[in-house]
Amino acid sequence: MAAPASYDPDTIALMRNVLQKVVAKVPEQHRTSCNQAAIASRILATAAQGRRSEDVLTTEALAEVREIFTGPAGMRRLHEDLTRVFG
């Protein structure tokens, strides 16, 4: 098992800032703790690889948002939402 990554205060602040900016772009009704955790996990995983620029972290966070809404889990949620509305 790999050693856990460590982050200096500037990196933590950067990751927090990227998370806040990306989450702010998500429609309010989808800013769930689960979705925020998925985005944060992607940011942490990217930073753990040593990729710590704001642009890279933002790109990866936005890729996670796309996965949330268009990947298999996103399609299941859409189907569930439509089923609730239309039966």
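The values are calculated or read from the model by the stated rules, or taken from the named source; none is laboratory data. Model, not experiment: these values are computed from the prediction. Cβ coordinates were reconstructed from backbone atoms using ideal geometry, including for glycine residues, and neighbour counts include every protein chain displayed. Ligands, DNA and RNA are excluded from the accessible area calculation, which covers all protein heavy atoms including side chains. Shrake-Rupley method; radii C 1.70, N 1.55, O 1.52, S 1.80 Å.
Observations, loosely collected:
- Protein accessible area in the chain, 1.4 Å probe - carbon and sulfur %: 59
- Only helices enter this figure: runs of n ≥ 4 DSSP H residues, each worth -39500 (n - 2.57), summed and divided by the residues of the chain, yield -25000 deg cm²/dmol at 222 nm to the nearest 500.
- Three principal axis extents of the chain based on alpha-carbon atoms, in descending order, are 50, 30, 19 Å.
- Å² per residue, accessible surface of the chain at 1.4 Å: 69
- Approximating the spin labels as points 7 Å out from Cα along Cα→Cβ, the ALA37-to-ALA13 distance works out to 2.9 nm.
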